[in-house]
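The block underneath contains the structure these notes are about, expressed in C-alpha cells.
The values are calculated or read from the model by the stated rules, or taken from the named source; none is laboratory data. Worth saying up front: this structure is predicted, and the values here are computed from it rather than measured. As a convention, Cβ positions derive from the backbone with ideal geometry for all residues, glycine included, and neighbour counts pool all protein chains shown.
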Amino acid sequence: MARAGQVKSCAGERLSDRIAIGVLTQVFPPGLVDEVIAETGRAEQRSRLLPARVVVYFVLAMCLFFGQGYEEVARLLGEGLGDGRRSWRVPTTAAIGRARRRLGPEPLRLLFARVCRPVAVPGTAGAWYRHWRVVAVDGTTLDLADTEANEAFFGRPGSGRGVGAFPQARVVGLAECGTHAMFAAATGPLSASEQSLSRQLFDRLEKGMLLLADRGFYGFELWQQARATGADLLWRVRTNANLPVVRALGDGSHLSTVHAEPDRRNRRNPVTVRVVEYTLASTGDTTVYRLITTLLDPKEAPATELAALYAQRWEIETTLDEVKTHQRGPRLVLRSKYPWGVEQEVYGLLLVHHAIRQLMHQAALNDGLDPDRLSFTRSLRVVRRQVPAQAALSPRQTRPRTDPHPG
C-alpha cells in the first residue's frame, strides 16, 4: 500500500521526475534544482517520500499560492498526477514541515543567485536611460509568525503601545526599474539597517548600470563601495549635506566633493560628485530635492533629465508592493515558525516573483509593449491557473503565456 505522499509508478519512475509547475519549472528546471541541492549538501542519502527536488518545487508552489495550507498546496501539485495507473496521497502537514527543515534555506538562496538576473534587452521599452540600465535599491519589512524563535532572531518593531504585534524580517533588494525583476536580495533581523544589508548586494552591480537610491542609503563608505563596482550612481541626499560649489555647470548643476568622516574637517582625499537640485514646481511642492551622481558631464546626462529619471526609483517600491500585497496578500504573515524557514520562504517569494516578471517581460517584448503596461495581478492569476493543468506535463511541453494587454 502506498504511504502518505507516495506515488505508485511503473519502471522506477519517481514523483520528482514527474512534478512540474508550469512557468516555475521552465524558469527553474529540474537539472538546475538538482545542482543547487547537491552544491548545498542537501541531496538525499536514501530514498524519501518527499525528495529534495520536490520540496524545492513545493516551497515555490507554497509561495505562489500564499495563504493556502500545506496539504492544499500539495493537492494542487498532485492534481495532474493521477492517470488511472497511479495514485497520489497528499503528504501530511507534519511530513512537509520535516521535509522543509531537511532542505533548509541554502538551496533557495543559491537558486536565486543562479537564476535571478536583470532581464531587459536593448529593445525593452522603459528599461534604459540612454545607454544605462536603470536599477534601484530599497528595503522593506515582512511580518512573521509570532513565535519565540522568530522574535528572538528577528525582533519586533516599536509601536505606540511598546512593541509591534508580530516579529519582522528586513529585506533589501536590487531591482531593474523597467521590468521590476529583482536580481539581488538579502534578509536579516530588524536591527540590521538597509545600509548594512545592501552591502551584501553590490557585487551584483556592474558597469553599464545606473543605480538609484533614496536619501536613507547615502554614506561615504557605501557610496564608495557601490562606485567601485563600475556602476554609475544617482542618489538622493539630505538637503543639509555639506556640498559646496566647486564648479558651476551650464545646466544648473555643480561639481562638489564628498569625504570620509576622518577627512571631512580638513577636506582631504576628496571624491568628486555632481550635484543636481530641483523642486517640483508643477505640483506646487516646495520640497528641495538634492541628488548626487557619478555622471559628471552635463552633456552626457543633463540635469533636467536626471531630475526626471530619479522618479524611476519608485519602481522598486512598486516591485516590493507586488511581493507584499499581491503575491503574499495584504495583512498576511509568513507562515514559517523558525528563522531558517523564514529565509527559505522569503527566497521562495522572490523566486516566484522573478519568474512571473520574466514571463511578463517576454510577453511585452513579443507585443512591443512597455512591461509596466502589463498587470502583475493578472499575470499572477494566469500562472496560478496553469499549475493544476500542467502538473503532470514535462516543462518542455508547456509554454504558458501571460495576457499582453494591460489590465
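For the reader, a short list of remarks on this structure follows.
- Residue within the range 334-347 that is assigned to a loop (DSSP other than H, G, I, E, B), of a type in the set (Lys, Arg) and either on the phi < 0 side of the Ramachandran plot or in contact with a strand residue (DSSP E or B) (Cβ under 7 Å, 6 or more places away or on another chain) (or both) present: yes
- Scanning the range 243-268 for residues that are exposed (fewer than 11 other Cβ atoms within 10 Å of the Cβ) and within 16 Å of Phe220 (Cβ to Cβ) yields Pro244, Glu261, Pro262, Arg265, Asn266, Arg268.
- Top-ranked residue of the range 108-126 - restricted to ones that are touching a residue at least 60 places away in the same chain (Cβ under 8 Å) and farther than 25 Å from Ser196 by Cβ, ranked as farthest from the chain's Cα centre (by Cα): Gly123
- Counted residues, the range 119-142 - those being surrounded by fewer than 21 Cβ atoms within 10 Å (Cβ to Cβ) and within 30 Å of Arg42 (Cβ to Cβ): 2
- In the range 170-178 there is at least one residue that is without any contact (Cβ under 8 Å) to a residue 40 or more places away in the chain, touching an Asp or Glu at 6+ places or on another chain (Cβ under 6 Å) and buried (at least 21 other Cβ atoms within 10 Å of the Cβ).
- The single condition from (1) more than 21 Å from Leu77 (Cα to Cα); (2) under 17 Å from the mean Cα position of the chain (by Cα); (3) surrounded by 18 or more Cβ atoms within 10 Å (Cβ to Cβ) that Leu349 fails is (1).
- The range 273-297, residues that are without any contact (Cβ under 8 Å) to a residue 40 or more places away in the chain, closer than 25 Å to Thr229 by Cα and either under 32 Å from the mean Cα position of the chain (by Cα) or not assigned by TED's automatic domain parsing to the domain that holds Arg215 (or both): Val273, Arg274, Val275, Val276
- Of residues in the range 104-115 being among the hydrophobic types (A, V, I, L, M, F, W, C) and farther than 13 Å from Ala186 by Cα, the one surrounded by the fewest Cβ atoms within 10 Å (Cβ to Cβ): Val115
- Every residue from the range 33-56 that is over 17 Å from Arg101 (Cβ atoms) and either modelled with pLDDT under 85 or not acidic (Asp, Glu) (or both): Val33, Val36, Ala38, Ser47
- Test: residue in the range 8-19 that is touching a helix residue (DSSP H, G or I) at 6+ places or on another chain (Cβ under 7 Å), at pLDDT 50 or above, assigned by TED's automatic domain parsing to the domain that holds Glu106 and of a type outside the set (S, T, N, Q): no
- Among the residues listed as Ala308, Ala303, Ala363, the single one being at pLDDT 90 or above, of a type in the set (Gly, Ala, Ser) and loosely packed, with under 15 Cβ neighbours inside 10 Å: Ala308
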